[in-house]
Amino acid sequence: MSAPTAPAIAARPRPWTDGSAAAARVLLKLRHDPAGIAITLASPVVLVLVFGYVFGSAIALPGAGDYREFLVPGLFATIAFNVVPAMITMARDSGRGVVDRFRSMPITRVAVPFGQAAANAAYGLLCLLLMAACAVVVGWRIRTGLGPALGALGLLAAFQFAATWIGMYLGLVIGREETAAQLSVLVFPVGMLSNVFVPTAGMPAWLRTIADWNPLSALTAAVRELCGNPLAPTNGAWPLEHPVLATLLWTALLLVVFVPLATVRYARPR
Amino acid sequence: MVAAVVAEGLVRRYGTVHALSGLDLVVPAGTVCAVLGPNGAGKTTAIRVLATLTVPDAGRAAVLGHDVVRAPGLVRRSIGLAGQHAAVDDDLTGRENLRILGRMHHLGRRGAARRADELLERFDLADAADRLVKTWSGGMRRRLDLVASVVVAPPVLFLDEPTTGLDPRSRTAIWATVRDLVARGTTVLLTTQYLEEADRLADDVVVVDGGRAVATGSPDALKAAIGIRVEVVVEAGADLPAAASVLASWTDASPEVDEDGLRVGAVVVGSPVPLPEVVRRLDAAGVTALDVGVRRPTLDDVFLRLTGDPRTTGGRAA
C-alpha cells in the first residue's frame, strides 16, 4: 500500500528508543535556545547577589555562621525544586497538539515523559554544577569532603527528577502554555515558606510548622549538613533533625505519587 | 470494496454537550473522504475517536479492521494524524522535527536522517529545512505537519482541517501534497469547512451537523443536490420584480430579492443554468441588468438545503 521507498511501520514497542528520542528532542531544543539557558543560569546568580549581599548584610544568623554560606545550599534546593520549566514545556506540548501526535503514534506512550524527565534531569545537573562554581566565587565552601558533597549533589539531582514529574503532571492538567506561565509565579512563595532564606525559628508557630515540613526545608538542611555549612535551628521538627532521610523519603513519595499520575494522564485517551 | 475506515453510531458527550450523536461513515480503501461541516459539528471529535485519542461513549469504529477501543495499538500502527494546529516543534528546525519523529518510528538515527532529507526534498521544504520552524510561514508549518504525519507512510491518514486559516497559495500547496499521498495509495479522511476543498480532493463527502451525518455522496452529487446560485444585479429598483419572475422559472423556491443591493438571487437545482438564456429573458422582460452571474454554493447553502436550517459558519466557507 505504501510507496516502495517509505520505511515500514514499527512492529513492536521499543520503550528505550522512544524515550531516548523524546530526550533528544528536549536537548536539541535547549541547544537552539542559548538565551533560555543563560536566563536559567543567571537567575540563581542573581538570587545569590540579591539575598547574599543585599539581605545578607542585614540578616544575622543565630550562632556565628556566614549568611552566604547558609544561603547557597538553599538556592541549590530552590533550583532543584523548580517545577516551572517542565510544567511550561508540557503545557505547551499539550496545547499545541504535540502530545496528541505522539499519542497517535505506535510508540510506548509512557516512554515519552520518562525521556523528557531524564533530559531535564541531565540539564538540571549541569545547572547545579555551574551554580556551584558561581557559589564558590562568592565564598561558599564545602567543609566536609568529596563523599558527602557528592551525596548532596545526588540528593539534589534525585529531588530535581521528582520535581520534574510534578511539573509535567501540572503541565498536562493545565494544558495551555499561557496559563502555565501565569501560574509559575506561585512557585516562588513555596521557596519563601521554608528555611531557604531565613531560619524558621522566628516564624509564628503555625507558619513555622508548614515551613519545617516543606520538602524544600529538608533538602536545604540536608545539603547544609552534607557540605558542612551553617545550619538553622531544627525547632525539634523531625524532617530537620534527620534531613537526609527526610529528603529521601520526600523524593520517594513525590515519585510514587507523580510518576503514575503523569504517565496515566499522558497515556490515557480523553 | 474494502473499507479502510468505518464508524457506526459514534456517540461522544462532553458534559451535556453531544459532540457526536450517532455518526456513521465508511471510507473505502484508497479513496479520499471529506467530512464537511461548520465549527462545532463534531468533526474534530470524530477524528480524535478514529485516531484513538478519545474513547466514544457508544458506537464502534475501526481502522483497517482494527477496533479503535479494543485494539488501539494496531490502529496507531495504521494511521498518521495531522491535527488542527501545526503540531511541530517551533524551537527545532524542520529537519530536526522529522528526524525526531523518524527515531520515534524506530528508523534509527541514520534511517531517520535519510527519511527526513527525502521528505523535505520531495515536498519542497528543503530550502527552509535548517531554519527554526518558528521562522516559517503558517502555510509551510502546516505542510511540515502534514509531512510529519507520513514519516512512515501510514496506509490511512487523518487530516483535521488541514487548510483552515491558510491563504489560497498555501492551500493549493497542501492540496498538492495530499494528492501526491493519495496517488501512492494512502486512504485519507479529512475534515473541512470548505466546500471547495471537499470538491477538489474528495471522492466522497460526508456532511455533518450536530454530531451526525446529514448527507453523504460524491461532490458532484452533492452539488447537484445543492444546486448553484444565480444572481442578477439590476440598475433600478423598479426592475426587481421582473428580474425575480425571470429567475423563478428555474427554481421552485421564490427568488430572494435584496432591495438595497438591487439584487435578485435564486438557487437552481438540477440542470446547469444557461446564462445566455437568462440574459435573453431579462432583456425580453425589459430589465437592465448590470451583472448576471452564477456563484458556487457556500456551506451555508449546503445547510439550508440539507437541513432547512440556515446557519452561520463563521463566514469562512469558500
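Only the coordinates and a few stated rules stand behind these numbers; no lab work does. It should be emphasised that the depicted structure is a prediction, and the values quoted were computed from it without experimental measurement. Every residue, glycine among them, receives a Cβ derived from its backbone with ideal geometry; neighbour counts consider all protein chains shown.
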Over all residues in B:79-90, what is the mean tally of Cβ atoms on other chains that come within 10 Å of each residue's Cβ?
5
Around A:G115, with a cut-off of 14 angstrom between Cβ atoms, what is the net charge of the other residues, counting Lys and Arg +1 and Asp and Glu -1?
+3
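Quick one: compute a quarter of the convex hull surface over the Cα atoms of segment B:20-64 and quote it in nm².
For segment B:20-64, averaging the hull's shadow over all directions gives 3.4 nm².
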Over the protein assembly as shown, how many percent of alpha carbon pairs lie in each 20 Å bin up to the one with the longest distance?
18, 38, 26, 13, 4, 0
On the formula 1/(1 + (r/R0)^6), with r taken between the Cβ atoms of A:W213 and A:L129 and R0 of 35 Å, the FRET efficiency rounded to 0.05 is 0.75
So what is the 222 nm mean residue ellipticity for chain B from helices alone, if each DSSP H run of at least 4 adds -39500 (n - 2.57) and you divide by all residues, rounding to the nearest 500 deg cm²/dmol?
-10000 deg cm²/dmol
Where N is the number of residues in chain B, Cα Rg divided by 2.2 N^0.38 Å
1.17
Under 10 Å, Cα contacts only: if you run a Gaussian network model on chain A, which one of A:N235, A:N120, A:N82 comes out with the highest mean-square fluctuation?
A:N235
Can you give the Kirkwood hydrodynamic radius of segment B:182-224 from its Cα pairs, in Å with one decimal?
11.1
Which helices count as membrane-span-like in chain B under these terms: full DSSP H, at least 18 Å along the axis by C-alpha, Kyte-Doolittle mean of -0.5 or more?
B:168-183
Note the full-extension length gain between B:L306 and B:A3 as 0.36 nm times their separation in residues minus their Cα-Cα distance, in nm to one decimal.
106.5 nm
Give me a single rounded figure for A:107-119: the average over its residues of other chain Cβ atoms within 10 Å of their Cβ.
1
Subtract the Cα-Cα distance of B:V69 and B:V294 from 0.36 nm times their separation in residues, and report this length gain in nm to one decimal.
76.3 nm
Evaluate E = 1/(1 + (r/R0)^6) for A:D66 and B:D127, where r is the Cβ-Cβ distance and R0 equals 51 Å; express this FRET efficiency to the nearest 0.05.
0.30
Quick one: B:V279, B:V150, fewest Cβ neighbours within 10 Å first, how do they rank?
B:V279, B:V150
Expressed in nanometres to one decimal, the distance between label points 7 Å along Cα→Cβ at B:R60 and A:V190 is 4.6
Fewest to most Cβ atoms within 10 Å: A:L28, B:L53 sort as A:L28, B:L53
Could you grab the relative contact order for segment B:3-223? Cα pairs under 8 Å, six or more apart, rounded to a whole percent.
30
Hz values of 3J(HN,Hα) by residue in segment A:187-201 - Karplus curve (6.51, -1.76, 1.60), Gly and Pro given as x
6, 4, x, 4, x, 6, 7, 7, 8, 5, 9, 9, x, 7, 4
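Above 20 angstrom, tally the Cα pairs of segment A:161-270 and express them as a % of all pairs, no decimals.
Result: 49 percent of Cα pairs exceed 20 Å.
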Mind checking which aspartates and glutamates have their Cα closer than 13 Å to the Cα of B:K43? Skip sequence neighbours fewer than 8 apart in that chain.
B:D24, B:D160, B:E161, B:D209
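Can you work out the FRET efficiency for the pair A:A122 and B:Y14, with r the C-beta to C-beta distance and R0 = 51 Å, to the nearest 0.05?
For A:A122 and B:Y14, the calculated efficiency is 0.85.
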Determine which lysines satisfy two conditions relative to A:K29: a Cα distance under 21 Å, and not lying fewer than 8 residues away in the same chain.
B:K134
Within segment B:82-109, what residues put their amide N at less than 16 Å from the label point 7 Å along the Cα-to-Cβ vector of B:N39?
B:84-85
Fewest Cβ neighbours within 10 Å first, please rank B:K134, B:K223 accordingly.
B:K134, B:K223
Helices from chain A with mean Kyte-Doolittle at least 0.0 and a Cα length along the axis of 30 Å or more, per DSSP H: which?
A:111-137, A:146-174, A:243-267
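Below 8 Å, C-alpha to C-alpha, sequence gap of six or more: please give me the relative contact order for chain A in percent.
The normalised contact order for chain A reaches 27 percent.
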